[in-house]
Amino acid sequence: MRFFLTICILLSLGITDSNAQQPKKLNSVEIYNALEKLNFLGSVLYIAAHPDDENTRLISYLANQQNARTAYLSLTRGDGGQNLIGPEIRELLGVIRTQELLAARRIDGGEQLFTRANDFGYSKHPDETLEIWNKEDVLSDVVWAIRKFKPDVIINRFDHRSPGSTHGHHTSSAMLSVEAYELAADSKAFSDQLKYTKTWQPARQFFNTSWWFYGSREKFDKADKKGLMSLDTGTYYPETGLSNTEIAALSRSQHKSQGFGSTGTRGETLEYIELINGTMPTKKESIFEGIDTTWNRIKGGKPLYQLLTTVQQEFDFNHPEKSVPKLLEAFDLIKKLEDEHWRTIKLDEITEIIVAASGLYLEAVTDNHFVTPGSSLKIEIEAINRSKQPIYLEKVTLAPTTLKITDGINLENNKSNTFTSEITLPKNSLSTNPYWLNKQGTLGMYNVEDRQLIGQPETLKNLRANFSVKIGEHSLVIAREIVFKKNDPVQGEVYQPLEVVPKVAVSLNEKVVIYNNNNSQEIRVNLLPQQDNLSGTLQLETPQDWTVEPNNYSFNNTQKGQVQEFSFKLSPPANQSEGLIQPVATVNEKKYDKELISITYDHIPNQTVILPAKTKVVRLDIQRKGQNIGYIEGAGDVVPQSLAQVGYTVTTIAPNDISANNLSKFDAIVMGIRAYNIVEELKFKQDVLLDYVKNGGNLIVQYNTNRGLKVNGNLGPYPINVSRDRVTDENAKVTFIDPKHPVLNYPNKITPDDFEGWVQERGLYFPDEWSKEYSPILAINDKGESSKKGSLLVTPYGKGNYIYTGLSFFREFPAGVSGAYRLFANLISLGK
């Protein structure tokens, strides 16, 4: 839908996506492009594994140049990735990456779908992936997506014939797509779905190949491409001044949490697709060749094609309202179609086109960001007709209530009509929390039982204003989501989602609390009421062998949005122990034990996530040598906070402040994950860091990728080569190469028990070659693979020690894995 291209221009000028909730205001060019899409009945489903796997060049080309209804089915929400823009990982990162995909689709014109698969981290083989994911459930979701979306063509990003050669999630996505291609048409397969939809058989299926799958550009250039179709996605759109590839770059650049900022290109850009199922187009000019993509494909559609073609031919860019009478005729014809699938899609499309062509602006906003079930909400309604087209506003109803506003009013040309009303939400209103996080899932699957929710990109908001308007003899109902609107002194008019949340939220300041002795610690609990004048009690639930004082607190006369802090004294047992603590607020005998987590970034709408307010407490048997730690930030982790938890004094050092004098006061310097990939200044500071080691310091370098290293020479004082080696099984056996090495013995005796309870993986991007000066400490491997000895390398250098580790401390610390803390303390203590 080419009207999305204007958004690209806005983004290129620096306007962010934080106003994604704002009602659309289409110009004449955008209306015309929407008409082109309205008159095309073809669809494509692009399938891959993660956010940022999609080919935005191809999606944009199909949506904008071909006018096809185009969707990207990402099997996961990307929870297992790294976050380059903030501290959020796992579920919260999945929420961010979901919104980044939606932001990308708003630019390239596609739609977004998902399965229930959870991105549990890197997987080396589809066998492992499909076992952890639960193959049948994910396959069911892919079949469901095909049956609901009904694509004429499916395009896979990855090759289903290459298990073991790339990320297991990647190959699995293609394998499941190939299997689902046939199953979607089989009424015996996942027959429970047929209560809600019908079987569907796509016409053909492709694999979107490229030089990457051939090993190099040179090999791909020499390869026989007779069996491939090529599409030139470098199309130029003069109405926007942008090429398709420039739009694709803007779309891909929305994946900011993964560092996928992309520079636009111009000129011919060929994409290649290989037929997997169905028949190859004879002329290889269009993926839709032989597929009727006109209104003739559905019963009763022929008059629509003729009518809408006339609308396009007669369209007046200066007076788009002149097209409204014929559009209303088409609207009535679409309403009578028997084909429910296309009737629903095209009614939505033509309704918005009629609204835009009529110059009709409709808005429903509130100045409340949060609302609770059973509470009242003030709504501001605006309706204005900015054309000479006579429009009568019959009524406005506010869902999910039956409240009716206005008894009818003529919307005169360019005269604003505003109404104020107040609704009371039903007491059983559901929260707007991301629906896939409402129930506890597994390592590989989210728990979503509602069939109609499966595949939806986000929770559907049911707080809406329904505008019933009459244009001539034609009646339309136009829905507008009720959103939060405010004026910001810097940004001006700002729109954000309206969130339905619990009456009370509770939270703890830390996600992990470490006890390195028997002393009690103060546990601060935050109480966040979302209503005024609430009264109740607050208590802290603890593991059985821990003690807490006091038993509870009373609270009353709350003010909405004003945080109250309560302090509990929590004492650990004498011996090593771990468990979970959880605050619980009780109001009118109802218990509230969830926290509200706000995710705020300029490129996506604000997100509010409701999760159990739990913190892990660990009574840790740990000894430390050294106190002052300098930390140089990388791509984002909680290592500094985690080290502070066990008693270290941690100071963050800005790259420009890396100097011999500033480093000399620290017992150890810790480099954040991927610091050498993203911190430009390190190319000039490496000598200073190595001199620090030579003069007696310990430098601990956490993992980096082997591409894009900022240092001009070696990462360490001696040659070291970072590879893509990794151990993804968090339970993989760990062997001590040199059990007597100080790192394994001082000041904490490290045993195999310290590697119990690790999460997601052992580590990643291990060196595979290093000079003889380094001592490998551990040997680990995934099932069926050779032993990997590069996870932890140590070498003396001058008076100090250089340590390189690919062990995933950045994942283990937030999970409160005691062995990871003990081992890291030994790294800091080395030589002391």
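The values are calculated or read from the model by the stated rules, or taken from the named source; none is laboratory data. It should be emphasised that the depicted structure is a prediction, and the values quoted were computed from it without experimental measurement. Virtual Cβ from ideal backbone geometry, glycine too; neighbours counted across all protein chains shown.
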Matching option when the condition is modelled with pLDDT of 95 or more and within 12 Å of ARG105 (Cα to Cα), among LEU73, LEU41: LEU73
query: Among (1) assigned to a helix (DSSP H, G or I); (2) out of contact with any Leu (no Cβ under 8 Å at 6 or more places or on another chain); (3) in contact (Cβ under 8 Å) with a residue 60 or more places away in the chain; (4) β-branched (Val, Ile, Thr), which single condition is ILE276 missing?
result: (1)
Residue check for ASP407: more than 28 Å from VAL500 (Cα to Cα), in contact with a strand residue (DSSP E or B) (Cβ under 9 Å, 6 or more places away or on another chain), free of Cβ contacts under 8 Å to residues at least 40 places away in the same chain and not β-branched (Val, Ile, Thr): yes
task: Considering each residue of the stretch 99-143, count those that are touching a strand residue (DSSP E or B) at 6+ places or on another chain (Cβ under 6 Å), under 15 Å from ILE247 (Cα atoms) and either assigned to a strand (DSSP E or B) or acidic (Asp, Glu) (or both), and give that number.
output: 0
- prompt: Any residue at all in the stretch 728-740 that is surrounded by 19 or more Cβ atoms within 10 Å (Cβ to Cβ), in contact with a Ser or Thr (Cβ under 9 Å, 6 or more places away or on another chain), modelled with pLDDT under 95 and under 18 Å from TYR765 (Cα atoms)?
  reply: yes
Top-ranked residue of the stretch 584-634 - restricted to ones that are assigned to a loop (DSSP other than H, G, I, E, B) and of a type in the set (A, V, I, L, M, F, W, C), ranked as surrounded by the most Cβ atoms within 10 Å (Cβ to Cβ): ILE604
query: Can you tell me which of ARG106, ARG97, ARG90 is crowded, with 24+ Cβ neighbours inside 10 Å and basic (Lys, Arg)?
result: ARG97
- prompt: Inside the stretch 481-522, counting only strands (runs of 3 or more DSSP E) that do not spill past its ends, which hold 3 or more residues that are under 26 Å from PRO400 (Cβ atoms) and either assigned by TED's automatic domain parsing to the domain that holds GLN99 or not β-branched (Val, Ile, Thr) (or both)?
  reply: 483-488
field: Test: LYS404 is modelled with pLDDT under 95 and either within 30 Å of LEU534 (Cβ to Cβ) or more than 35 Å from the chain's Cα centre (by Cα) (or both)
entry: yes
task: Using the structure shown, decide if THR309 is closer than 19 Å to GLU349 by Cβ and of a type in the set (Ser, Thr, Tyr).
output: yes
task: Scan the stretch 635-671 for residues that are in contact with a Gly (Cβ under 8 Å, 6 or more places away or on another chain), at pLDDT below 95 and buried (at least 21 other Cβ atoms within 10 Å of the Cβ) and jot them down.
output: ALA635, ASP637, VAL639
statement: Taking the stretch 726-749 and keeping only residues that are within 26 Å of GLY784 (Cα to Cα) and assigned to a loop (DSSP other than H, G, I, E, B), one is left with THR728, ASP729, GLU730, ASN731, ALA732, LYS733, ILE737, ASP738, PRO739
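Per-residue answers, yes or no, for (1) aliphatic (A, V, I, L, M); (2) more than 30 Å from ASN318 (Cβ to Cβ); (3) surrounded by 18 or more Cβ atoms within 10 Å (Cβ to Cβ); (4) in contact with a helix residue (DSSP H, G or I) (Cβ under 9 Å, 6 or more places away or on another chain):
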{"residue": "THR344", "(1), (2), (3), (4)": "no, yes, no, no"}
{"residue": "ILE350", "(1), (2), (3), (4)": "yes, no, yes, yes"}
{"residue": "ALA356", "(1), (2), (3), (4)": "yes, no, yes, yes"}
{"residue": "VAL365", "(1), (2), (3), (4)": "yes, yes, yes, no"}
{"residue": "GLY374", "(1), (2), (3), (4)": "no, yes, no, no"}
{"residue": "ILE384", "(1), (2), (3), (4)": "yes, no, yes, no"}
{"residue": "SER387", "(1), (2), (3), (4)": "no, no, yes, yes"}
- request: Spot the failing condition for LEU337; the list is (1) more than 36 Å from the chain's Cα centre (by Cα); (2) under 29 Å from ASN410 (Cα atoms); (3) not basic (Lys, Arg), and only one is missed.
  value: (2)
task: Identify all residues within the stretch 176-191 that are over 16 Å from THR115 (Cβ atoms) and either in a helix (DSSP H, G or I) or outside the structural domain of TRP133 (by TED's automatic domain parsing) (or both); write none if there are none.
output: GLU182, SER191
- prompt: Based on what the data block shows, is THR171 more than 26 Å from ALA117 (Cα to Cα), of a type in the set (Val, Ile, Thr) and at pLDDT 95 or above?
  reply: no
Any chance SER262 is assigned to a helix (DSSP H, G or I), within 30 Å of GLY636 (Cβ to Cβ) and assigned by TED's automatic domain parsing to the domain that holds TYR46: no
- line: Of SER808, SER818, SER775, the only residue that is touching a residue at least 24 places away in the same chain (Cβ under 8 Å), polar (S, T, N, Q) and under 17 Å from ASP738 (Cα atoms) is SER775
Pair list, Cβ under 9 Å, 6 or more apart: the stretch 430-447 residue of a type in the set (S, T, N, Q), other residue surrounded by fewer than 22 Cβ atoms within 10 Å (Cβ to Cβ) and in a helix (DSSP H, G or I): THR442/ILE132
- request: For the stretch 794-811, name all the residues that are more than 14 Å from ILE777 (Cβ to Cβ) and either at pLDDT below 95 or of a type in the set (Ser, Thr, Tyr) (or both).
  value: TYR797, SER808, PHE810, ARG811
message: If I go through the stretch 556-579 residue by residue, how many of them are in contact (Cβ under 8 Å) with a residue 60 or more places away in the chain and either outside any loop (DSSP other than H, G, I, E, B) or among the polar types (S, T, N, Q) (or both)?
response: 2
task: Give the residue, chosen from SER535, SER431, that is more than 21 Å from the chain's Cα centre (by Cα) and small (Gly, Ala, Ser).
output: SER535
message: Can you go through TYR692, TYR703 and tell me which one is in contact with a strand residue (DSSP E or B) (Cβ under 7 Å, 6 or more places away or on another chain), of a type outside the set (S, T, N, Q), part of a helix (DSSP H, G or I) and buried (at least 17 other Cβ atoms within 10 Å of the Cβ)?
response: TYR692
query: Does ASP691 qualify as being farther than 24 Å from PHE666 by Cα and not hydrophobic (A, V, I, L, M, F, W, C)?
result: no
- prompt: Inside the stretch 250-261, can you point out the residues that are in contact (Cβ under 8 Å) with a residue 40 or more places away in the chain and either aromatic (Phe, Trp, Tyr) or surrounded by fewer than 19 Cβ atoms within 10 Å (Cβ to Cβ) (or both)?
  reply: GLY259, PHE260
